[in-house]
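Bear in mind these aren't lab numbers, they're just calculated from the coordinates by the rules spelled out. Quick caveat, the model's predicted, so the values are computed rather than measured. Cβ sites come from the backbone with ideal geometry, for glycine too, and all protein chains shown count toward neighbours.
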Amino acid sequence: MTRKNRFVVDAKDLILTPAPDPPPVPEPWFDTSTLRLKELRNRAGLTQLQVAEKTGMHRSHNARLQNSEDARLSTIIAYVSALGGQVVLELPGHREELRQVA
């Protein structure tokens, strides 16, 4: 190795860049056509406006949710929780209540 091929680097000159964060995993959508959300809201004795205030969602968003055929699980949990209910995940031999995290 000749002197021309050698190089000296001071450690303070090195720039370390962190690895990029992996992309977020998209939240799955679930079939809501059999949930009868409007019927559940009516049974709870709440208006769309009252549910909107409890969920923090706009009233029109709740109206669309009631008429939609699919929604994100977190949206379903927030809506049902606002009605005073709970969403329960049941697997063979296991049962777990799902709560809204944020």
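Tabulated values for the structure
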quantity: Pair list, Cβ under 7 Å, 6 or more apart: the stretch 49-64 residue free of Cβ contacts under 8 Å to residues at least 12 places away in the same chain and closer than 13 Å to Thr75 by Cα, other residue buried (at least 16 other Cβ atoms within 10 Å of the Cβ) and not β-branched (Val, Ile, Thr); calculated: Ala52/Asn62; His58/Ala52
quantity: Filter pass, Arg43 being of a type in the set (D, E, K, R), surrounded by 14 or more Cβ atoms within 10 Å (Cβ to Cβ) and out of contact with any Lys or Arg (no Cβ under 7 Å at 6 or more places or on another chain); calculated: no
